[in-house]
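Asks: A single structure is presented below for examination.
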Amino acid sequence: MKLAEALQLRSDLQKRMEQLASRLYDNATVQEGESPAEDPVVLLEEYEGCARQLEDLMARINRTNCETRTAEGTLTELLARRDCLRMRAGTYHNFLTSASSLARRATRSEIKILSAVSVPAYRKKADALSLRLREVDNAIQEANWTTELL
């Protein structure tokens, strides 16, 4: 199984466990003399099976990420780099949105609001961060589809 397939399976298992948990909560109690719509014992068994499968899968994904090398480092290093780039690019985007939204004045006596920074200069930095983020993400995706799960 390719790493990308394992990541999709992990996502599916997590969603399945959320659904099972919701169904468990819905069937945890019942009015006296009634039966639950679904047997909570059966739901718990399925939930526990998914949890065991997810734990094993996550360990294998993490091991694969640590041991898989790319031109830019291990997949674990690339994932950390991508997360930081995503955070930085988001901060720059939000900062520049604030710096770009200048208040309009109806009269000369109103307070004039100015940007505290050169928006075009920082926009270039934000664009460079976004480009680097796309490059790192592409390297991760390529590795995910060419790497066998350990």
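Asks: Could you please find all residues in region 81-101 being closer than 14 Å to K125 by Cα, among the small types (G, A, S) and loosely packed, with under 15 Cβ neighbours inside 10 Å?
Replies: Within region 81-101, just G90 meets the criteria.
Asks: May I pose another question? What are the pairs, 6+ residues apart or on separate chains, where a residue within region 4-15 that is open to solvent by 60 Å² or more (accessible area, probe 1.4 Å) has its Cβ under 9 Å from a residue that is aliphatic (A, V, I, L, M)?
Replies: E5/L149; R10/L54; R10/L57; R10/M58; R10/I61; Q14/L54
Asks: Do you know which residues across region 80-107 are among the β-branched types (V, I, T), at pLDDT below 90 and assigned to a helix (DSSP H, G or I)?
Replies: Hits for region 80-107: nothing passes.
Asks: Right, here's the next one. Can you tell me which residue among A143, A121 is in a helix (DSSP H, G or I) and touching a strand residue (DSSP E or B) at 6+ places or on another chain (Cβ under 6 Å)?
Replies: A143
Asks: Could you give every pair whose Cβ atoms fall below 6 Å, whose first residue belongs to region 120-148 and is in contact (Cβ under 8 Å) with a residue 12 or more places away in the chain and open to solvent by 90 Å² or more (accessible area, probe 1.4 Å), and whose second residue is of a type in the set (G, A, S) and in a helix (DSSP H, G or I), counting only separations of at least 6 or pairs across chains?
Replies: Pairs that qualify, where the first residue is in contact (Cβ under 8 Å) with a residue 12 or more places away in the chain and open to solvent by 90 Å² or more (accessible area, probe 1.4 Å) and the partner is of a type in the set (G, A, S) and in a helix (DSSP H, G or I), are W145/A4.
Asks: Right, another one. Just checking, which of R52, R63, R23 is crowded, with 16+ Cβ neighbours inside 10 Å and modelled with pLDDT of 95 or more?
Replies: It is R23.
The values are calculated or read from the model by the stated rules, or taken from the named source; none is laboratory data. These numbers come from a predicted model, not from an experiment. No Cβ is skipped: glycine too gets one built from the backbone with ideal geometry, and neighbour counts run over all protein chains shown. Protein only, heavy atoms only, side chains kept; ligands, DNA and RNA dropped before computing areas. Shrake-Rupley method; radii C 1.70, N 1.55, O 1.52, S 1.80 Å.
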